[in-house]
Amino acid sequence: MKANDLSKFDFVFAGSGHYKVRYTTERGDYYVKLVTDMTIIDATLNAEWAKLEDIKILRDYVKSGTHYSSKGELIEKK
C-alpha cells in the first residue's frame, strides 16, 4: 500500500454524507461498508494527496463491514 494509491477502493456516492466503499484485497475477495464519516472520505477520496495513514484508517474501517469472496459469495457480515 502506498500514499495516494486508492486503486483498491471503489467509492459510490450514496446520498448526502454517505459513500458505499468497497475494498478489494490481493486475493480478490472484498469488503463493503457504508461510510458516513466524511472526515475519512475527505482525507482520502477528496484529498489532493491521500496520506498512507489515512488510507490505512479507511481500509480498516471498510474491513469492519461485510466480507465477500472473489465470486461475490457472502463470507461474513459484521
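Points worth noting:
- Restricting the stretch 15-33 to residues that are of a type in the set (Phe, Trp, Tyr) and touching a Lys or Arg at 6+ places or on another chain (Cβ under 7 Å), the residue that is nearest to SER64 (Cα to Cα): TYR31
- Consider the stretch 18-27 and keep the residues that are without any contact (Cβ under 8 Å) to a residue 24 or more places away in the chain and among the β-branched types (Val, Ile, Thr). The one that is surrounded by the fewest Cβ atoms within 10 Å (Cβ to Cβ) is THR25.
- Count - residues of the stretch 1-17 that are surrounded by 14 or more Cβ atoms within 10 Å (Cβ to Cβ), touching a strand residue (DSSP E or B) at 6+ places or on another chain (Cβ under 8 Å) and either assigned to a strand (DSSP E or B) or of a type outside the set (D, E, K, R) (or both): 3
- Check on TYR30, closer than 14 Å to ASP5 by Cβ, surrounded by 18 or more Cβ atoms within 10 Å (Cβ to Cβ) and within 11 Å of the chain's Cα centre (by Cα): no
- The residues in the stretch 34-63 that are assigned to a loop (DSSP other than H, G, I, E, B), open to solvent by 40 Å² or more (accessible area, probe 1.4 Å) and farther than 15 Å from TYR19 by Cα can be counted, and the count is 3.
The values are calculated or read from the model by the stated rules, or taken from the named source; none is laboratory data. Bear in mind that the values here come from a model prediction, so they are computed numbers and not experimental data. All Cβ positions, even for glycine, are placed from backbone atoms using ideal geometry, and neighbour counts span all protein chains on display. Surface accessibility is based on the protein's heavy atoms, side chains included, excluding ligands, DNA and RNA. Shrake-Rupley method; radii C 1.70, N 1.55, O 1.52, S 1.80 Å.
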